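Laboratory data are not the source of any read-out in this text; all were calculated from the coordinates shown. Computed from a predicted model, the values in this text were never measured in an experiment. Cβ coordinates were reconstructed from backbone atoms using ideal geometry, including for glycine residues, and neighbour counts include every protein chain displayed.
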Amino acid sequence: MSIYERQDSTKGNDPEKVVISAALTGALTTRDQCGAIPYTPEEIAEEAAAAREAGAAVAHIHARTPDGSPTFETETYQQIHDEVREQTDIVVNFSTGAVGTPVEQRLEYVEEVEPEIAALNMGSMNYAKYSEDREDFVFDMVFDNPFSEITTLLEGMNDAGVTPELECFDTGHIGNTRPLLREGVLDRPFHVSLIMGVLGGIPATVENLAHQVRQLPEDSTWQVIGISRDQWPLVSAALSMGGNVRVGLEDNFYLPDGEMAESNADLVAAAAEMARQVDREPATPEEAREILGVDDDG
C-alpha cells in the first residue's frame with residue numbers, strides 16, 4: 001500500500017498518479033518579461049504539445065492577440081482549441097477570469113467552444129503585486145467575483161457540459177462552495193485549485209496549504225498553484241500530500257535552480273521529475289480525465 005493512501009490530504013486524487021497542468025500564457029505576462037510566452041493560436045498549440053510530451057495532462061489557456069493583449073473573442077478561443085486538438089490529446093482548460101470584462105463575454109466562448117474544463121474564480125479580493133525594490137505597487141486591482149457572476153458562469157458551464165475548476169485564492173473562497181451546492185448549481189465531487197502567493201490572497205506557506213486542504217470535501221480533487229518563486233516549495237509539498245500541481249509561464253518563469261525557463265515544457269519536466277522522486281507518475285490526459293471526472297471533447 002502506498003503511503004499516500006493513508007493520508008487524508010489526498011482527498012479524491014490518485015495517490016499513485018499526479019495530474020500536472022501547464023498554464024501556458026496567462027493574461028498579464030509579456031515577452032518583455034519572458035521571451036517564451038506564446039501569443040498566437042499556433043504558438044499556444046505548440047507549447048501545449050511540448051508540455052504534453054514533458055508530462056502535462058492539462059493545458060490552462062488565456063487567449064491573446066498577436067501583439068500579446070488579452071482577448072475574449074470566441075473566434076480566437078475556437079482557433080486555439082482547434083490548433084491544440086490537432087496537435088495533442090492534452091485536456092483543454094480555458095480561463096474565465098478577468099478584471100472589468102462583463103461576465104457574458106467571459107462565458108460566451110466557453111458555451112460556444114466547449115472546452116473540457118473552464119477555470120472559475122470563487123470569490124472577490126484585492127489583487128496586487130508589490131515591488132520591495134521600488135517600494136511601490138506594480139499593479140493594484142480589485143478582482144470582483146460576486147456570487148451572481150459565479151452562478152451565471154456555473155449555469156453556463158453546466159449547460160455546455162464543461163467541468164468547472166474552482167479557483168480559490170483563500171480559505172474563504174472554499175467556503176463559498178456551500179451556498180452554491182445548496183442552490184444546486186454546483187455538484188460534488190468538484191475540482192479545486194488552491195492559488196497561493198498572490199498579494200491579496202493567502203500567503204504561500206506549506207502550513208496554509210495543509211490548512212486549505214483540510215477544508216475540502218473528501219471526494220474533491222485538488223491542485224496547488226504557487227505564484228513566482230513560491231511555486232517549487234508548494235509543488236514539492238503538494239506532491240508529498242497526494243495533490244495535483246500546476247506549473248507554467250503564467251505563474252512562474254524560473255526553474256528550481258533559479259534559471260529562467262525557455263518553455264512551458266521546461267517547467268513541466270521539472271515538476272514531473274519531482275513527482276517521480278516521491279514515487280508518483282505523471283498522469284496521461286486519458287488518466288487525468290478519469291481522475292478529474294472530465295469528458296473527452298474530441
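Considering every residue within the range 195-218, establish whether at least one is under 30 Å from ASP140 (Cβ atoms), within 14 Å of the chain's Cα centre (by Cα) and of a type in the set (Ser, Thr, Tyr). For the range 195-218, residues under 30 Å from ASP140 (Cβ atoms), within 14 Å of the chain's Cα centre (by Cα) and of a type in the set (Ser, Thr, Tyr): absent. Applying the set (1) in contact with a Ser or Thr (Cβ under 9 Å, 6 or more places away or on another chain); (2) among the aromatic types (Phe, Trp, Tyr); (3) within 21 Å of ASN264 (Cα to Cα) to PHE94 leaves exactly one unmet item: (1). Contact annotation: residue pairs with Cβ atoms under 7 Å, 6 or more positions apart or on different chains, pairing a residue in the range 148-174 that is touching a residue at least 24 places away in the same chain (Cβ under 8 Å) with a partner that is among the hydroxyl-bearing types (Ser, Thr, Tyr) and assigned to a helix (DSSP H, G or I), are LEU166/THR177. Only residues that are outside any helix (DSSP H, G or I) and surrounded by fewer than 16 Cβ atoms within 10 Å (Cβ to Cβ) were counted in the range 98-125, giving 4. Anything in the range 11-44 that is in a helix (DSSP H, G or I), crowded, with 20+ Cβ neighbours inside 10 Å and either of a type in the set (Asp, Glu) or over 17 Å from the mean Cα position of the chain (by Cα) (or both)? List them, or say none. PRO41 - this is the single residue of the range 11-44 that is in a helix (DSSP H, G or I), crowded, with 20+ Cβ neighbours inside 10 Å and either of a type in the set (Asp, Glu) or over 17 Å from the mean Cα position of the chain (by Cα) (or both). Pairing residues of the range 61-74 that are at positive phi with residues that are in a loop (DSSP other than H, G, I, E, B), at Cβ distances under 8 Å and at least 6 apart in sequence or on separate chains, gives GLY68/THR30; GLY68/ARG31; GLY68/ILE37; GLY68/TYR39. When ALA128 is tested against the conditions (1) touching a helix residue (DSSP H, G or I) at 6+ places or on another chain (Cβ under 7 Å); (2) part of a strand (DSSP E or B); (3) surrounded by fewer than 20 Cβ atoms within 10 Å (Cβ to Cβ), the lone failure is (1). If the condition is being under 18 Å from VAL294 (Cα atoms) and in contact (Cβ under 8 Å) with a residue 60 or more places away in the chain, then the range 89-118 contributes ASP89, ILE90, VAL91, VAL92, ASN93, SER95, GLU114, PRO115, GLU116, ILE117.
Within the range 150-182, the set of residues being acidic (Asp, Glu) and either farther than 20 Å from ASN93 by Cα or buried (at least 19 other Cβ atoms within 10 Å of the Cβ) (or both) comprises GLU165, GLU167, ASP170.
Within this structure, ALA275 fails the test of being more than 20 Å from SER193 (Cα to Cα) and touching a strand residue (DSSP E or B) at 6+ places or on another chain (Cβ under 8 Å).
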